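Let me begin by presenting the structure, written as structure tokens, before commenting on it.
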Amino acid sequence: MSSRIAAVDVGNDAIKAIFGKLESELYIPNVIAKDIEDRPVIGIEELDEKNPLEGIHIRVHSPALQDNNAIYRVGNLATKSDNPTELDLGSSKSEEDQTLVMLFAALALDAAKLGDNDTFKKVNNVVEANYTLGTGLPLREVKEGKDVGYRSKLLGSVHQVEFLITPKYQGMKVNIKFDEVKVYPEGFAAYINLVMDKDLNIINRELIDRRILIQDIGGLSTDIAVIKNRKVDDDKAQGFNLGVAEALESIREEIRKKHGVELDSRRDVVEIITKKNDRNHIMVRGSRTSVHDIVDRILGELAKKQYRHLRNVWQKNSQTEICYFVGGGSIVLKDYLKTLNQNFDGYNIDFFEDERESVWMMANAYYKLISDFNRRRNAKEQNQSQQKKKEQRTGSIK
């Protein structure tokens, strides 16, 4: 059985995954909810006509999990639950069951879609899946050495996902093994994506030898990578427990108190504040109502905190030439940060105007890195095989 490449960014807002030779990708909201095995479904007979991503209902068995053999709703289905769980402020991505549940769910969906093919084998509705995984953790966790434990939890074990009442895949099981796992620091990955294409050819040569800051604003944390001499300066890189999740929760709570409107999750808040039409407006008893005052006050305060971090790191790295803001949080705070920068220091900062590029940046970077690793490994194995055959031929001649 051969191994399939998977590049997975378990973001605090959503998981983004790229598979194989770029032929498949997945985007799933990072929300889970504990559930029962026989969840009620209206129109069960039409289940297989629906999109699996709208009804991910699974049992996960893995020695890597603290709560083993639990049943979950995942993604969009979980947001409709009475008890949806999103990652909490201060939690470590590498130590949370939710990170692994989301990772295994994405891989299982990919494997189930492939079914029985040249890559994986399917016998009696059980798919045996083997992956070469590229993923990442916040700089703060990598500096604390948590990437080692995270990698070891994944390697050397079989992780099983059983699809319960899930469209198209009900009753199917996927056994997931990892041929190799590479865990990259998120700041370094962002740099790779900035300067190299999918084949790791340099595309932004003018950035290669510049001193750069990359401020990655996530849901629960912010990383500021200091790039010098084409690599991350480990000593100067900073990680902070400051993301957009707490601000989104505050907006959600204030909308509930002021307007009596219950929003299901943080994702609903993000949609309200980033949508192209009627931005910062909600419907209250059928009437279009502005929440601009709530949003501006809360996000404005968060932007000030983020800007202070930028200022502090830049002062300690005075020869920095530019700072790139990346991550889902940068999309939410972009206008506020630009205004602050115009009014105060006027640093050379830049954002990715293409929101998709910003959101998928980490997954794309992991794909570039793990693909390059896989190419080099295959080339080495091929050379070793040729060398062995050559030695065997030489031995037989003697």
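The values are calculated or read from the model by the stated rules, or taken from the named source; none is laboratory data. Note that this is a predicted model, so its numbers are computed, not measured. Heads up, the Cβs are rebuilt from the backbone with ideal geometry, glycines too, and the neighbour counts pull from every protein chain shown. With ligands, DNA and RNA removed, areas are computed over all heavy atoms of the protein, side chains included. Shrake-Rupley method; radii C 1.70, N 1.55, O 1.52, S 1.80 Å.
General remarks:
- For first residues located in the range 194-215 and without any contact (Cβ under 8 Å) to a residue 12 or more places away in the chain and under 15 Å from A365 (Cα atoms), partners that are open to solvent by less than 60 Å² (accessible area, probe 1.4 Å) and in a helix (DSSP H, G or I) and lie 6+ apart or on another chain with Cβ distances below 7 Å form the pairs I202/V195; I202/I208; I203/V195; N204/L194; N204/V195.
- Residues that are open to solvent by 100 Å² or more (accessible area, probe 1.4 Å) and either of a type in the set (A, V, I, L, M, F, W, C) or part of a loop (DSSP other than H, G, I, E, B) (or both), drawn from the range 223-233: N229, R230
- Residue ranges of strands (runs of 3 or more DSSP E) in the range 59-165 with at least 2 members under 16 Å from the mean Cα position of the chain (by Cα): 126-137
- Hey, I176 closer than 18 Å to V8 by Cα, at pLDDT 90 or above, open to solvent by less than 20 Å² (accessible area, probe 1.4 Å) and of a type outside the set (F, W, Y) or not: yes
- Pick from the range 210-234, criterion of a type in the set (S, T, N, Q) and within 26 Å of I15 (Cα to Cα), ranking: farthest from the chain's Cα centre (by Cα): Q215
- Number of the exception - I282 against (1) under 20 Å from S330 (Cβ atoms); (2) assigned to a strand (DSSP E or B): (1)
- Residues being in a loop (DSSP other than H, G, I, E, B), under 23 Å from the mean Cα position of the chain (by Cα) and surrounded by 14 or more Cβ atoms within 10 Å (Cβ to Cβ) - total across the range 322-373: 3
- Residue check for S152: open to solvent by 40 Å² or more (accessible area, probe 1.4 Å) and small (G, A, S): yes
- Where a residue in the range 96-125 is of a type in the set (D, E) and its partner, wherever it lies, is assigned to a helix (DSSP H, G or I) and open to solvent by 10 Å² or more (accessible area, probe 1.4 Å), with Cβ under 9 Å and at least six apart: none
- Residues being more than 23 Å from V8 (Cα to Cα) and in contact with a Ser or Thr (Cβ under 7 Å, 6 or more places away or on another chain) - total across the range 327-360: 0
- Any hit, the range 389-398, residues being more than 30 Å from S330 (Cα to Cα), outside any helix (DSSP H, G or I), out of contact with any strand residue (DSSP E or B) (no Cβ under 9 Å at 6 or more places or on another chain) and not polar (S, T, N, Q): yes
- Test: residue in the range 77-95 that is modelled with pLDDT of 90 or more, farther than 29 Å from S250 by Cβ and open to solvent by 60 Å² or more (accessible area, probe 1.4 Å): no
- Residue match in the range 32-46 (condition: without any contact (Cβ under 8 Å) to a residue 40 or more places away in the chain, of a type outside the set (F, W, Y) and under 27 Å from G136 (Cβ atoms)): no
- Unique match (being open to solvent by 60 Å² or more (accessible area, probe 1.4 Å) and part of a loop (DSSP other than H, G, I, E, B)) among K276, K305, K257: K276
- Within the range 256-277, being within 18 Å of E355 (Cα to Cα) and of a type in the set (V, I, T) holds for V269, V270, I272, I273, T274.
- Whenever a residue of the range 350-379 is closer than 15 Å to A6 by Cα, its partners that are part of a helix (DSSP H, G or I) and among the charged types (D, E, K, R), lying with C-beta atoms within less than 9 angstrom and at least six residues away or across chains, give the pairs M362/E186; N364/E357; A365/E186.
- Test: residue in the range 274-290 that is under 29 Å from P185 (Cα atoms) and not hydroxyl-bearing (S, T, Y): no
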